[in-house]
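*Asks:* Let me give you the structure first, and then I'll get to my questions.
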Amino acid sequence: MNYCKHCMIPTDEENCPVCGEKHLWPVLPEDPCFVGELGVPWSDIFADVLRQKQIPCLMKPLWGAGWTATLGSKFEQMCFYVPYEYLPSAQELAEELFSQMEEDDEETEE
Ligand SMILES: [Zn+2]
C-alpha cells in the first residue's frame, strides 16, 4: 500500500488518484489518513466516539480560522484523520455515523 503525503490517503495505485502525485511512500502504521469531513454537532460526536475507542485522531478545519470566526462554529466543517493502522475501524465508525445522519435528515424533512 502506498501513501500520498499531500492528500493524506493510502492508495493501491502507483500514482495518487486524487492529486496525481507520482512520488508515493509506502504507508506506515502511524501515517495520518483521511477518514471524512463532518460538521457540528457530528464532528463532536465522532471525536467522542473515536476517543471512546481509543483511536487517536487529528482534526483540521476544512475552512480557515477566518471562516469560523465569521460564521460561528455552527458552520464549521472538520476533516478527520487517523493513523493508518486505525483507518478500517475509524471508517466503520464513520459509516455508522453517516447512516445516523441520514436518518436524522429524513426526520427533519417530515
Ligand atoms: Zn495526492
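The values are calculated or read from the model by the stated rules, or taken from the named source; none is laboratory data. Being a predicted model, the structure only gives us computed values, none of them experimental. FYI the Cβ positions are ideal-geometry reconstructions off the backbone, even for glycines, and counts take in every protein chain you see.
So that you can scan it fast, the table gives a plain yes or no per residue for (1) modelled with pLDDT of 95 or more; (2) in a loop (DSSP other than H, G, I, E, B); (3) not basic (Lys, Arg):
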{"site": "Pro10", "(1), (2), (3)": "yes, no, yes"}
{"site": "Lys22", "(1), (2), (3)": "yes, yes, no"}
{"site": "Cys33", "(1), (2), (3)": "yes, no, yes"}
{"site": "Leu38", "(1), (2), (3)": "no, no, yes"}
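*Asks:* Also, I was wondering about something else. Hey, among the residues in the range 14-36 that are away from the ligand (no atom under 13 Å from the Cβ) and buried (at least 16 other Cβ atoms within 10 Å of the Cβ), which one's nearest to Cys79 (Cα to Cα)?
*Replies:* For the range 14-36, the residue satisfying everything is Gly36.
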